[in-house]
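What follows is calculated from the coordinates using simple rules that are stated; it is not laboratory data. Source: prediction; values computed, not measured. We place every Cβ from the backbone using ideal geometry, glycine too, and count neighbours over all the protein chains shown.
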Amino acid sequence: MVDYYAITRYAVPVLGCIFFFAQHRLYGVIVMAKKNGTEVNGFHLRPLAIVQGFMLSLILLLLISLVLAAIVYFSSWQANPRLLNILAHFAVFGGAILAGCRCHKKAWLHGIMIGVVVFFIFSWVGYGGSLFTTWLWWKGLLKMGFVSMLGGILGGLFSTK
């Protein structure tokens, strides 16, 4: 027979779980916490933050390309693909920071969403049809996702909530 009074008397809440001892065994029950009548472990994606971060990424890419075009036009210097890649990652990093600032939870996920959306759109425009076929494409997607995740985390640190 289980003594429910003994279970509740020795219950210890730890990070969303309640651990209790009964008959010399440790049991755990996961408790879904509620905050203001809503579930805490819900799906917290803010589409407006993603759209704003995407738009900032586009604006930054446009400004960077205009500055580079002016530099190349008025000088004999030529931009190399590595510099263009770094500047594109910088623009997506800025958009992910904005998305991380605008969301209330899961800033890292918002940052990844910015990177993936920008990478999909620009690889679709730039490459044409074969998106998922090459290892180089997957490697670029992982790099862009990682950089944008860091931007989302950094933006989440600056969030005012």
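Quick notes on this one:
- Among the chymotrypsin sites (Phe, Trp or Tyr not before Pro) found in segment 106-159, those both in a DSSP coil and sparsely packed, with 13 or fewer other Cβ atoms within 10 Å of their Cβ, are F132, F158.
- FRET E, pair H104, S76, Förster distance 45 Å, beta-carbon r, rounded to 0.05: 0.35
- An oblate overall shape is assigned to segment 47-157, the ratio a/c of its alpha-carbon gyration tensor axes (a ≥ b ≥ c) being 1.5 or greater and a/b not exceeding b/c.
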